[in-house]
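Reviewing the structure listed below.
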Amino acid sequence: MTWWRNAVLYQVYVRSFADSNDDGVGDLPGLISRLDHLAWLGVDAIWCTPITASPDRDFGYDVSDYLAVQPIFGTLDDVRDLVAEAGRRGIRVLLDLVPNHTSDRHPWFRDPSRRSWYVWSDRPNNWVSGFGGSAWEYHPGVGRWYLHNFLKEQPDLDWWNEEVRAEFDRILRFWLDLGVAGFRVDVADGMVKDRWLRDNPPASPEDEWTPRPRGQRFVFNRYRPETHEVLRRWRRIADAYRPPRVLLGEVMVREPEEWAAYYGHGDELHLVTNFRFQFASFEPVSLSEVVEASLAALGDAPWAVPLWHGSNHDFSRFPTRWCHGDDRLVRLALTMLLTLPGACILYQGDEIGMEDVPVPPERRRDPVGRDPERTPMHWSGAVNAGFTGGEPWLPLGDHRSRNVADQRRDPGSLLHLTRGLIRLKKRLRGPYERQPGGSGCWRYRRGSTTVELDFEAPAARIAEA
Ligand code: GLC
């Protein structure tokens, strides 16, 4: 029942995974055609980045219809096929839910009778957008300012409004009824805003721990206690399904205790992203400190399932950021990710050590520069990496030196290592126990298995008693 306790989730950035119709953009039939790779690898579930209708200012994270599939990706029947085909291979499908904001082209935002579904003010306060600049935009038609915690084309919904809550209950049920195993919830820590829209205080140095400094402490535009009520409401919906569905929340907090709070008392999110871990520097002291503080904050409650990830579609990939392209370090990182207790997310390409790809200015597509971590998957050394028969929407990396097909043929490759580690993960039992290790070394036990991460060699050693 609680399959996610020890799960490997695989993040599919749909636009860049596999293209079936040669328009240069990945799609659902393409994804289905590559499920055998994921089954061979041994993942438990996939999380697909948004596949719903969108003008793509923020590539799917600006939704214009929560119940319709973006035509470039396919149809609702393709989603049904995906769920069925993945299910046949023992793989569950999680969709991305984007509740904090819609697209400014969503009919709700254009409907005068739904003004109160969004956050408006007569006077902008000091809040800044997560993407930089003021979080307020003047709407001439309305004569007031609307809130956008991201792009100005992404107006924030007003989660104090019961109609908004009821509408999202329906959206959740629509997809859950269709058979999806749950959701990755975008900005799960941000839905409800301060009722009085009070100014945020200035940042202190410990607030600037993410790669994108904000200049102020997000107190009133994010992380409000009332957001936990919304998560509890969704947990009740998820738990009422058979089998129960899973909520994986994108939560970006620094303190392990704050992170753990999003699990509630087993009545909020099942899995919570740990960005403090993702942004830790790649050396044994900072990594082990974050891991141990996270485990301590979570405790041994039955719902406590930590989650580890090194890459995603928003920040530099770990083989670049942590490992500077050194495959010995990539081996270390994969071993760490897949032997820590709990669940783990691999981002597409992590299994072959895919790096960020430099994207020349004229080919950039993302307004805030996240293209290097979003380039197409390297399936083979063939033209266009086996990703598309057309012109890929973003440039390819060095797919001749690093791709799935070649690594499949080489038992010593990162791909085979990842597969072996996933198999090992399924056997690992027991809590994390720190062991004494020399300098530059991080050793821990899981039951009768000892993991030694030697950052100086660098080398990872696993001893099974
Ligand atoms: C999340 C997504 C990111 C998106 C943002 C706004 O952080 O992961 O890609 O731009 O939310 O929706």
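The residues listed here are 427, 402; of these, the one that is open to solvent by 50 Å² or more (accessible area, probe 1.4 Å) and within 26 Å of the chain's Cα centre (by Cα) is 427.
Within the stretch 1-21, being of a type in the set (Val, Ile, Thr) and over 30 Å from residue 304 (Cβ atoms) holds for one residue alone: 14.
All conditions but one from (1) assigned to a strand (DSSP E or B); (2) closer than 27 Å to residue 40 by Cβ apply to residue 442; the one that does not is (2). Can you tell me which residue within the stretch 114-157, out of those that are closer than 16 Å to residue 203 by Cβ and of a type in the set (A, V, I, L, M), is least open to solvent (accessible area, probe 1.4 Å)? This residue is 135. If you check 133, 141 for being over 28 Å from residue 270 (Cβ atoms) and within 16 Å of the ligand (Cβ to nearest atom), only one passes: 133.
Mind checking which pairs have a first residue in the stretch 309-333 that is within 18 Å of residue 11 (Cβ to Cβ) and a second that is aliphatic (A, V, I, L, M) and in a strand (DSSP E or B), Cβ under 7 Å, 6 or more apart or different chains? Hits for this filter: 309/345.
Residue-wise test of (1) closer than 18 Å to residue 188 by Cα; (2) modelled with pLDDT under 95; (3) assigned to a loop (DSSP other than H, G, I, E, B); (4) not acidic (Asp, Glu).
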{"site": "260", "(1), (2), (3), (4)": "yes, no, no, yes"}
{"site": "269", "(1), (2), (3), (4)": "yes, no, yes, yes"}
{"site": "280", "(1), (2), (3), (4)": "no, no, yes, yes"}
{"site": "289", "(1), (2), (3), (4)": "no, no, no, no"}
{"site": "293", "(1), (2), (3), (4)": "no, no, no, yes"}
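Against the numbered list (1) without any contact (Cβ under 8 Å) to a residue 40 or more places away in the chain; (2) under 19 Å from residue 323 (Cα atoms), residue 266 comes up short only at (2).
If I ask for residues that are touching a residue at least 12 places away in the same chain (Cβ under 8 Å) and open to solvent by 20 Å² or more (accessible area, probe 1.4 Å), which ones from the stretch 356-381 would you list? Full working, then the answer.
Kept after step one, since they are touching a residue at least 12 places away in the same chain (Cβ under 8 Å), are these residues of the stretch 356-381: 356-360, 363, 365-368, 370-381.
Listed by number, the residues that qualify are 356, 358, 360, 363, 365, 367, 368, 372, 380, 381.
Scanning the stretch 96-113 for residues that are of a type in the set (Asp, Glu) and either modelled with pLDDT under 95 or open to solvent by 30 Å² or more (accessible area, probe 1.4 Å) (or both) returns 104, 111. Could you grab me the full set of residues in the stretch 311-333 that are assigned to a helix (DSSP H, G or I) and open to solvent by 10 Å² or more (accessible area, probe 1.4 Å)? Matches in the stretch 311-333: 320, 321, 327, 328, 329, 331.
Residues in the stretch 54-70 that are within 12 Å of residue 14 (Cβ to Cβ) and in contact (Cβ under 8 Å) with a residue 60 or more places away in the chain: 59 alone. Taking each residue of the stretch 71-87 that is surrounded by 13 or more Cβ atoms within 10 Å (Cβ to Cβ) and looking for partners that are assigned to a loop (DSSP other than H, G, I, E, B) with beta-carbon atoms closer than 6 Å, six or more apart or interchain, yields 72/25; 73/27; 73/51; 74/27; 83/179.
The test for being open to solvent by less than 10 Å² (accessible area, probe 1.4 Å) and either of a type in the set (Asp, Glu) or over 21 Å from residue 98 (Cβ atoms) (or both) holds for residue 268.
For every residue, the table says whether it meets (1) aliphatic (A, V, I, L, M); (2) buried (at least 20 other Cβ atoms within 10 Å of the Cβ).
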position: 217; (1), (2): no, no
position: 223; (1), (2): no, no
position: 229; (1), (2): no, no
position: 240; (1), (2): yes, no
position: 247; (1), (2): yes, yes
position: 260; (1), (2): yes, yes
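The values are calculated or read from the model by the stated rules, or taken from the named source; none is laboratory data. Since the structure is predicted, the reported quantities are computational estimates derived from the model, not experimental observations. Neighbour counts run over all protein chains shown; Cβ positions are idealised from the backbone, glycine included. These area figures cover heavy atoms from the full protein model, side chains too; ligands, DNA and RNA do not enter into them. Shrake-Rupley method; radii C 1.70, N 1.55, O 1.52, S 1.80 Å.
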